[in-house]
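The values are calculated or read from the model by the stated rules, or taken from the named source; none is laboratory data. Since the structure is predicted, the reported quantities are computational estimates derived from the model, not experimental observations. Here Cβ is always computed from backbone atoms with ideal geometry, including for glycine, and neighbour counts include all displayed protein chains. The protein model used for the area step is the full one, side chains on, heavy atoms only, and it has no ligands, DNA or RNA in it. Shrake-Rupley method; radii C 1.70, N 1.55, O 1.52, S 1.80 Å.
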Amino acid sequence: MSPIELYDVFTLEDDKDYTVAKMANYDDAQYLYLIEVDDEDNLKEENQKIVKRVVKDGEDSVEIVTNKEELEAVSKIFFELFQKDIDEAIS
């Protein structure tokens, strides 16, 4: 898999651009917390997604996480990461 870095921008199947806000590993997989951006790379915070990096047809790709148990586990990790950022910013 090619490296993905924070704040990289790419287009999903819905033809909208997203930036990588956070990355986390869970159960031997990498997950990305994405926030939609407009044409000028401004955040559109009302549209956020959690995706899992996968190899599909030999190509590096992402899939939107829809499994309830997986989504709950990964959401908790992202919540803790964002909370850590907030704690560091106000201390």
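List the residues whose amide H sits under 5 Å from the amide H of V65, counting only those 5 or more places along or on another chain, with H placed 1.01 Å from N in the peptide plane.
Correct list: I50, V51, K52.
For F10 and N67, compute 0.36 nm times the residue count separating them, minus their Cα-Cα distance, and round to one decimal in nm.
18.2 nm
Which percent of the accessible area of the chain is formed by carbon and sulfur heavy atoms (probe 1.4 angstrom)?
The computed percentage sits at 46.
If you stretched the chain out fully between S91 and I77, how much longer would it get, using 0.36 nm times the residue separation minus the C-alpha to C-alpha distance?
Fully extending the segment from S91 to I77 adds 2.9 nm.
Report the per residue volume, in Å³, of the convex hull enclosing the C-alpha atoms of the chain.
Residue-normalised Cα hull volume stands at 120 Å³.
Just to confirm the filter: which chymotrypsin sites (Phe, Trp or Tyr not before Pro) across segment 5-91 are DSSP coil and have at most 11 other Cβ within 10 angstrom of their Cβ?
Y7
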